[in-house]
Amino acid sequence: MFDATTILAYKGKNKAVIGGDGQVTFGDSVLKGNATKIRTLHHGKILAGFAGSTADAFNLFDMFEEFLENKKGDILKSVVEFSKAWRKDKVLRRLEAMMIVLNKDHIFILTGNGDVVEPEDGEIASIGSGGNFAISAARALKKHAALNEEALVEESLHIAADLCIYTNHNIKTLVLEDTKA
């Protein structure tokens, strides 16, 4: 069983940001410290992050990209159809994996159980071993610090890395800018 990753996403007023650490562990060993677990999808209009096996991530990202193409980039329709397919696939539904996908308008957590969860606040979501640490830090920093969206995600992930042994400080982020801002 892999214990790995902290992914945090924030859909702010001017930017949508996703970030993740680079650590991949197996049991009590670090296999890799600089993995990339986030990516852009659908012509750079969607951000996605993955917690679980790295090999499975590529398959799930590609599968979700197909749904986005079929639904012409409609993230809401894509997450619903993707979760149905993920749940019905005998191999995929056994994965202990989760994804976060977001654009400038929506943010969702997807699981192999067929769950599609939009965060209560509609702004911040986290998954992975250090997810609870990261989201706690993000909520506190949003309320009490004057940070832009990318800085908030980075700092929250660094706080998670200080607390979670399955999260490291090799933080990567991706940003969707609001061109109207």
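The values are calculated or read from the model by the stated rules, or taken from the named source; none is laboratory data. Small disclaimer: the values here were computed from a predicted structure and weren't measured. Methodologically, a virtual Cβ is constructed for each residue, glycine included, from the backbone with ideal geometry; neighbour enumeration extends over all protein chains shown.
The residues of the range 56-75 that are surrounded by fewer than 17 Cβ atoms within 10 Å (Cβ to Cβ) and either without any contact (Cβ under 8 Å) to a residue 24 or more places away in the chain or at negative phi (or both), listed by number, are 58, 59, 62, 63, 66, 69, 70, 72, 74.
Helices (runs of 4 or more DSSP H) fully within the range 71-181 that include at least 1 residues being modelled with pLDDT under 95 and touching a helix residue (DSSP H, G or I) at 6+ places or on another chain (Cβ under 7 Å): 75-88. Return yes when residue 103 is under 15 Å from the mean Cα position of the chain (by Cα) and more than 24 Å from residue 26 (Cβ to Cβ) and no when it is not. Against the criterion (under 15 Å from the mean Cα position of the chain (by Cα) and more than 24 Å from residue 26 (Cβ to Cβ)), residue 103 qualifies. Across the range 137-155, a minimum of one residue is classified as in contact (Cβ under 8 Å) with a residue 40 or more places away in the chain, small (Gly, Ala, Ser) and over 23 Å from residue 73 (Cα atoms). Sub-7 Å Cβ pairs linking a first residue in the range 35-48 that is assigned to a loop (DSSP other than H, G, I, E, B) to a second residue that is modelled with pLDDT under 95 and buried (at least 21 other Cβ atoms within 10 Å of the Cβ), at least 6 apart or interchain, are 35/24; 37/5; 37/50; 37/57, ordered by first then second residue.
Close Cβ contacts (under 9 Å, 6 or more residues apart or on different chains) running from residues in the range 160-174 that are within 18 Å of residue 149 (Cα to Cα) to residues that are in a helix (DSSP H, G or I) and β-branched (Val, Ile, Thr) comprise 160/135; 171/153; 173/153. For residues in the range 1-34 being of a type in the set (Ser, Thr, Tyr), in a strand (DSSP E or B) and in contact (Cβ under 8 Å) with a residue 24 or more places away in the chain, which is surrounded by the most Cβ atoms within 10 Å (Cβ to Cβ)? The qualifying residue surrounded by the most Cβ atoms within 10 Å (Cβ to Cβ) is 6. Screening residue 63 on (1) assigned to a loop (DSSP other than H, G, I, E, B); (2) over 15 Å from residue 7 (Cα atoms) shows it passes everything except condition (1).
Of the residues 53, 78, 83, the single one that is crowded, with 20+ Cβ neighbours inside 10 Å, touching a residue at least 24 places away in the same chain (Cβ under 8 Å) and hydroxyl-bearing (Ser, Thr, Tyr) is 83. Residue 55 satisfies every condition listed in (1) over 25 Å from residue 151 (Cα atoms); (2) at pLDDT 95 or above except (2).
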